[in-house]
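Below is one structure, written out as structure tokens, with a few remarks after it.
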Amino acid sequence: MGELPETTRAWVLHPDIKSDPDRREAKFALAEAVSLAHAMPELEVVGSEIVPLPRVRAGLLFGSGKIEELAQRLKEAEVELVLIDGPVTPVQQRNLEKAWKVKLLDRTGLILEIFSDRAATREGVLQVEMAALSYQRTRLVRAWTHLERQRGGLGFVGGPGETQIEADRRAIDTQLVRLRRQLDKVVKTRTLHRAARAKVPYPIVALVGYTNAGKSTLFNRLTGADVMAKDMLFATLDPTMRRVELEDGPEVILSDTVGFISDLPTELVAAFRATLEEVLAADVILHVRDISHPETEAQAEDVMTILGDLGVGEGRTMFEVWNKVDLLDDDAAEAVRARAAREDGVFAMSAITGEGIPALLGQVAETLQGAVTQEMLVLPYADGRKRAWLFEQDVVQGERQGEDGFEFDVRWTAIQKARFEGL
């Protein structure tokens, strides 16, 4: 991970597989892949193209004629690294690298490189390592099926005849177990931090959205924080949190999160679940959308799917923030503003010009008004589920055993109270 030279001449290929029923519009997919490549500062993208593909060739991905044609083009452009926007099997990778005399990365490999480049906290680093190992493990399994990887014996039984691949897999599994233990410790510490923060329980407002939707720019505008807000994918990986005082409203903790992306490989979704845990604890979620993007609807669906996978339920207060209206022409911007005004919980705005931000913050403040109240609750001893929920939410200030059940001092938001009553 992260061992690319100072500047590497890269070429981006998007295989447009005609037989794939879920295939995306090729030009947008290629544009996103190029943005991904730009997220690695050491890459210089010298070319990019869509490769129409009737079907995937098992050993080579592309047909032999196309491989020769590309070999010529890559040689002329002095390309050192080819990025393929999609999955590439280890066998395909080995064959293409040999044919083109370049290094090759598939989409997952590139995203892992970016993740390893960006992860700043101990937790982020551990998650990246785990994702990278899971990825490597699947590649080991498929890559080495020939006998040169065998260390003596026929390999039909364990022991000395064990194949090198099995030993490699075991080594990776051991590392994964070790990393998982370390990660558990880190996550426990984070939980303690959350509990400590619950003592001054500011409501949490989490920004989520497709990568490059403008979350970090909005975060910076609201907090004055110098969070990296470059126009590139995955600019933010570890959740960044700041305290913000809302006008005519409570103080809140604003949390900026990693951008979501379509076809995020499953091992990465799992590895970054904890990075998004602040979203699970959030009182209000702001779903920031790049409303100027041609695929804004599809991007929004991807975000909602991942939120669903993370267990963010229907009952959570969520507002849609239609960002980048400043990039639309006048008529389109007017239409977006009019549509947002008609729809509940939707705000048209620009994080660059500041348009629409006061209305959004006003709504957030109104939602959180009286956000933190202290109450005493009595729960029957048999109601373990509600008791567990109170502790999960970090709202318990004190607990005693009374005549009728557990007596709790709780400090919570109106939203949490409503959720508790709905249990």
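Read the figures in this text as sums done on the coordinates, not as results from a lab. What you see is a predicted model, and the numbers here were worked out from it, not measured in a lab. Cβ coordinates were reconstructed from backbone atoms using ideal geometry, including for glycine residues, and neighbour counts include every protein chain displayed.
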**Prompt:** Which values, in whole Å and largest first, are the semi-axes of the equivalent ellipsoid of region 373-421 obtained as the square root of 5 times each eigenvalue of the Cα gyration tensor?
**Reply:** 17, 12, 9
**Complete:** Counting only DSSP loop positions in region 52-116, the GluC sites (Glu not before Pro) whose Cβ has at most 16 other Cβ atoms within 10 Å are Glu78
**Item:** Inter-centroid distance (Cα atoms) of region 321-377 relative to region 44-85, Å
**Value:** 44
**Request:** Can you tell me the dipole magnitude for region 314-423 around its Cα centre, using point charges on the Cβ only (Lys, Arg +1; Asp, Glu -1), in Debye to the nearest 20?
**Result:** 240
**Prompt:** Dipole of region 8-115, Cα-centred, from +1 at each Lys and Arg C-beta and -1 at each Asp and Glu C-beta, to the nearest 20 debye?
**Reply:** 400
**Request:** Choose one of Gln374, Ala418, Phe408: the residue whose Cα lies farthest towards the positive end of the charge dipole of region 373-421 (beta-carbon charges +1 Lys, Arg; -1 Asp, Glu; about the Cα centre).
**Result:** Ala418
**Request:** Assuming R0 = 35 Å, can you tell me the calculated FRET efficiency for the pair Glu297 and Asp404, based on Cβ-Cβ distance, to the nearest 0.05?
**Result:** 0.10
**Normalised alpha carbon radius of gyration of region 301-409 [divisor 2.2 N^0.38 Å]** = 1.59
**Request:** For each pair in Lys98/Lys324; Lys103/Lys324; Lys27/Lys185; Lys18/Lys215; Lys27/Lys324, compute the distance between the two Cα atoms and list the pairs where it is over 32 Å.
**Result:** Lys98/Lys324; Lys103/Lys324; Lys27/Lys185; Lys18/Lys215
**Request:** With a 10 Å radius around each residue's Cβ, average the other Cβ atoms per peptide and rank 402-408, 345-351, highest first.
**Result:** 345-351, 402-408
